[in-house]
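In what follows, a single structure is set out as structure tokens and then discussed.
The values are calculated or read from the model by the stated rules, or taken from the named source; none is laboratory data. For clarity, every value in this text was computed on a predicted model and none was experimentally measured. In this analysis, Cβ positions are derived from the backbone assuming ideal geometry, glycine residues included, and neighbour counts consider all displayed protein chains. The area values use the complete protein model at the heavy-atom level, side chains included, leaving out ligands, DNA and RNA. Shrake-Rupley method; radii C 1.70, N 1.55, O 1.52, S 1.80 Å.
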Amino acid sequence: MDRREIAALLAYIGRLDPRLIRTTEREAHDQLAQWHELLGDVPMATPHGWDARVAARQHIRTSPYAILPADVGRPWENYQRERLARHSDPTPSADPDDQAAYTAELVGHRRAVATGTTQPAQALAIANGRNGTDPALKARLEAIGSCIPPATRAALAPYRPARAAREAAIAQGAPDALSVRCEWCLAQPGEPCRRRRVGPDGGARGTAPRATPHPGRLDLAAAQQAQQPALA
């Protein structure tokens with residue numbers, strides 16, 4: 001805000017809270033100089049949600065204390081932080097090899113977001129089913145049945161044997177053993193069973209994951225699967 005805008009803001013505040021009104025020309029001049037020194041880098045308003053008059057009115061409405069420059073400057077800094085927290089840097093159009101131009105474009109965009117002259121850029125993400133899925137992506141997921149293509153899943157199988165065994169069992173109609181807690185190794189639902197050896201002191205030893213679940217876990221999953229039609 002320049003001195004003219006600061007004077008307009010002080011006049012507006014004085015109408016809402018007469019305690020801020022200065023009765024002599026010298027006092028008014030000193031007050032204007034003080035507020036301009038502290039709020040010279042704060043805009044009166046931006047195209048996207050900031051208005052110093054709104055911040056001042058909010059303070060006067062909710063606080064019993066006379067307003068200070070900090071009561072306008074603090075909301076402005078909060079406004080900047082909130083906008084930058086929602087901002088994801090878009091890829092600059094400058095040549096990445098031109099580091100100065102690339103950095104300058106990033107900094108300029110962030111400054112425009114922080115000062116309220118442009119809206120924060122949102123990171124692109126795949127929409128879920130509730131918000132609508134891209135038709136092409138939906139058709140591809142329906143075609144392959146998973147976000148991981150079958151060829152990739154097969155290539156990954158040797159590196160995650162427990163998951164591969166689980167998927168193979170489910171495909172054959174067998175119960176999903178990992179849907180229940182293992183009473184032997186205490187693996188939680190969704191976690192693979194682990195080798196559990198009892199040492200001489202009676203404590204469990206060995207935590208290496210197993211490619212196949214313990215038999216008792218399979219039996220428990222089968223019993224629960226058998227009960228599901230009856231419960232329905």
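The angle between the Cα long axis of helix 70-85 and the main principal axis of the chain comes to about 30°, on a 0 to 90 degree scale. Distance between the 7 Å Cα→Cβ label points at residue 61 and residue 139: 5.2 nm. What is the angle, in °, between the Cα long axis of helix 3-16 and the longest principal axis of the Cα atoms in the chain? Nearest 10 is fine, range 0 to 90. So the helix axis and the longest Cα principal axis differ by about 80 degrees. The local environment of residue 208, defined by Cβ-Cβ distances under 9 Å, has a net charge of +3 under the rule Lys, Arg +1 and Asp, Glu -1. Here's how it looks for residue 45: its modeled amide H is under 5 Å from those of 52, which are all 5 or more places away or on a different chain. Averaging Cα coordinates gives a centre for region 147-187 and one for region 1-74; these two points are 65 Å apart.
Charges were assigned to the Cβ only: +1 to each Lys and Arg, -1 to each Asp and Glu. The resulting dipole of the chain about its Cα centre is roughly 1160 debye. Near residue 40: Cβ cut-off under 15 Å, other residues only, Lys/Arg at +1 and Asp/Glu at -1. The net charge is -3. Rg and Dmax of the chain, based on Cα coordinates, read 32.2, 92 Å. With angles folded into 0 to 90 degrees, how steeply does helix 161-171 sit against the dominant principal axis of the chain? Use alpha carbons for both and round to 10. So the inclination is approximately 70 degrees.
Rolling a 1.4 Å probe over the heavy atoms of the protein chains gives region 18-95 an accessible area of 65 Å² per residue. When the solvent-accessible area of the chain is split by element, carbon and sulfur atoms take up 55 percent of it, the probe being 1.4 Å.
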